[in-house]
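Beneath this line is the structure, given in structure tokens, with notes to follow.
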């Protein structure tokens, strides 16, 4: 804990707004899914593909920029790279993507949810009191991801609903995490100015 606090005081989290942008993209995608369920499945596939591609690139950038500020920065980097690769695969193969979309989304939400659980534990180590809210979102995302992975046929029938819920939870988590990073960043700057 002392090491984490010292690291927090030495370096603030740069570009805290990047998870906010990712969260807004994910929430906007979820809203699009809920408001337009009649759209063709191919159009939804392209929407998901582009959102995964953009989110992955942004998340990879965030991890690299903050590699000296964040403990275990390799996990967000790995998730960003995987998300980017999945986005590229979805864009290049829309026909295949239509068949395997529930599995793609299930695994991506699972990785993101597991990372959310890890982030919440890191925030607990930094002394953030309401880290449990992030943990709940991570656990909910994990449950939804297992539903998508466990029964892709069922998920295929209700992909719009399940995907919208999963993306919404992931987006809310990213937005919430961004504001926690901003709070840590501001607290770090204030403690440095006091000294």
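Laboratory data are not the source of any read-out in this text; all were calculated from the coordinates shown. This one's a predicted model, so the numbers in the text were calculated from it and none came from an experiment. Here the Cβ positions follow ideal geometry from the backbone for every residue, glycine too, while neighbour counts run over all protein chains shown.
In table form, for the structure just shown:
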| item | result |
| --- | --- |
| Two-site label geometry, residue 183 and residue 151: point separation in nm, points 7 Å out along Cα→Cβ | 3.7 nm |
| Distance between modelled label sites at residue 50 and residue 95, nm, 7 Å Cα→Cβ extension | 2.3 nm |
| At R0 = 30 Å, FRET efficiency that the Cβ-Cβ distance of residue 133 and residue 36 yields, to 0.05 | 0.50 |
| Difference of contour (0.36 nm per residue) and Cα-Cα distance, residue 57 to residue 114 | 18.6 nm |
| Additional length obtainable on full extension of the chain from residue 88 to residue 107, 0.36 nm per residue less Cα span | 5.3 nm |
